[in-house]
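Asks: Before anything else, here's the structure in question.
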Amino acid sequence: MDNAGTQSRPPGGLSEAQRPEKNRLLGYLTRSKLPLLAVFGCLLASVCANIGGSYMMRGIINDFIWSGCTDFAGLGRAILTLVGVYLIGCLATYSQSAIMVRLAQRGVNRLRSDLFDKLQNLPLSYFDKHPHGELMSRLTNDVDNISTTISDSLTQLMMYGFTIIGIFFAMLFSNVLLTGVALLAVFLIFLLTRTVTKHTRKLFREQQALLGSLNGQVEESVSGLRIVKAFCQEENMTEDFAEKNEAFCRVATRAQIWSGYLMPITNVINNLNYVLIAIVSGLMAAAGRLSVGTISSFLLYSRQFTRPFVDIANIYNNFQTAVAGAERIFEILDEQTEPEDRPG
């Protein structure tokens, strides 16, 4: 029995074709373990530096500024220490970003190579059914979308994950009630993101499909220009292009409009939550339940805590473009290859 082109199935697991696109895409990035460990180490150092800097602000305000202390030498040492902590955080952030960019580009390079190799082994009947320009669009536009999204977004997602966990426990340590107030914004941002991405996921998928169809029409028009002119089909080709171009424009516009809802609304939620925390903490300070230094550090924590959720919502929305491109790429990778010729 000829098994050419069938998908291998690991024991007790899923075949490549059955794995979700997100998992398969991340699989191309997680093959190099040592760079990933270096990224995690840098992320941990960066998050600790940010959280530690905010915590040190409380001591500086309470011990030196609010108390009217005249120990300027001690204040100077505290400020220098704070600056050093933030510099370490900046260096760690730059290092993990540089490592992650290289890691992402190597993964995308492997994906592009696998796709190109797959195209060489597909039967001729597949190319008869799919325009060449549409296949080229998958190898160029879809892969480029994945490359851009992963390089820009994956590092930020990992850093935000560490930041959210670290700051959440720091906020709990500072004040439980104010932490509960901060979580209100997270809940609202989650609902908003879920609503928006439900629409953008479909629109980005349709956008990539229409872009491939448009590229296929352009490739056929240019490569067959002599035949088009010989049979006087310029007007028909122009109308066909205008129709596909208009359809792509409509879908791309709707996708960007829905994407545009996310950032301004989440910023409003974030700012209102910041004001609410300031009001509640001010009332608690008036009642003698909070110090001014604690309020200052918690306001910094609240910004550091809710801001990642705003950015994650936007990144996740943009990530739908990469997922849409990955679906089109894995659709080719899952095709059956041409059986090898066997001597009769």
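The values are calculated or read from the model by the stated rules, or taken from the named source; none is laboratory data. Owing to the predicted nature of the structure, the values given are computational and were not obtained by experimental measurement. Because the Cβ atoms are built from the backbone with ideal geometry, glycine has one as well, and the counts that use them run over all protein chains shown. Note: accessible area is taken over every heavy atom of the protein model, side chains too, but ligands, DNA and RNA are not part of it. Shrake-Rupley method; radii C 1.70, N 1.55, O 1.52, S 1.80 Å.
Asks: I'm a student and want to see the number: the projected area of the Cα convex hull of segment 216-344, averaged over all directions, in nm².
Replies: On the way: hull surface 64.4 nm².
Average projection, Cα convex hull of segment 216-344: 16.1 nm².
Asks: Kindly provide the helix-only [θ] at 222 nm of the chain, computed as the sum of -39,500 (n - 2.57) over DSSP H runs of four or more divided by all residues, to the nearest 500 deg cm²/dmol?
Replies: -29000 deg cm²/dmol
Asks: With a 1.4 Å probe and every protein chain left in place, work out the accessible area per residue of segment 111-205 in Å², rounded to a whole number.
Replies: Accessible surface, normalised per residue, equals 50 Å².
Asks: In the P(r) worked out for the chain, what percent of Cα pairs fall beyond 40 Å?
Replies: Working: 19324 of 58996 pairs.
Result: 33 percent of Cα pairs exceed 40 Å.
Asks: Express the Stokes-Einstein translational diffusion coefficient of segment 79-208 in µm² s⁻¹, to the nearest whole number, given a Kirkwood radius over alpha-carbon pairs, 20 °C and a viscosity of 1.002 mPa s.
Replies: Calculated translational D: 112 µm²/s.
Asks: Let me ask you something else. Of all accessible surface on the chain at a 1.4 Å probe, what whole percent is carbon and sulfur?
Replies: Using a 1.4 Å probe with all protein chains present, the chain comes out at 63 percent carbon and sulfur.
Asks: If you don't mind, there's one more thing I want to ask. In a GNM of the chain with a 10 Å cut-off on Cα contacts, which of Tyr301, Tyr126, Tyr28 has the highest mean-square fluctuation?
Replies: Tyr126
Asks: What are the ³J(HN,Hα) values, in whole Hz, obtained from phi via the Karplus relation 6.51 cos²θ - 1.76 cosθ + 1.60 with θ = phi - 60°, for each residue of segment 180-197 in sequence order, with x given for Gly and Pro?
Replies: x, 5, 5, 5, 4, 5, 4, 5, 5, 5, 4, 5, 5, 4, 4, 5, 5, 5
Asks: Compare the Cα positions of Cys249, Phe190, Cys232 along the charge dipole of segment 147-261 (+1 at Cβ of Lys, Arg; -1 at Cβ of Asp, Glu; about the Cα centre) and return the one farthest towards the positive end.
Replies: The one lying farthest along the dipole's positive direction is Phe190.
Asks: Once R0 is set to 51 Å, what does the formula 1/(1 + (r/R0)^6) return for the Cβ-Cβ distance between Ser125 and Leu191, expressed as a FRET efficiency to the nearest 0.05?
Replies: 0.60
Asks: Take each of the peptides 184-190, 305-311, average the number of other beta-carbon atoms within 10 Å over its residues, and list them starting from the highest.
Replies: Listed from highest to lowest mean packing, they are 305-311, 184-190.
Asks: Going Cα to Cα from Lys129, which lysines come in below 29 Å? Please leave out same-chain ones fewer than 8 positions away.
Replies: The qualifying lysines are Lys22, Lys118, Lys202, Lys229, Lys244.
Asks: So, one more: Excluding ligands, DNA and RNA, what is the solvent-accessible area per residue of segment 273-315 at a probe of 1.4 Å, expressed in Å²?
Replies: That works out to 40 Å² for each residue.
Asks: I've got another one for you. In a GNM of the chain with a 10 Å cut-off on Cα contacts, which of Ile269, Ile227, Ile150 has the highest mean-square fluctuation?
Replies: Checking each option, the largest mean-square fluctuation is seen for Ile227.
Asks: Go through segment 199-204 residue by residue and turn each phi into a ³J(HN,Hα) via Karplus (6.51, -1.76, 1.60, θ = phi - 60°); whole Hz please, and just put x for glycine and proline.
Replies: Running phi through 6.51 cos²θ - 1.76 cosθ + 1.60 with θ = phi - 60° gives 8, 5, 4, 5, 5, 5 Hz.
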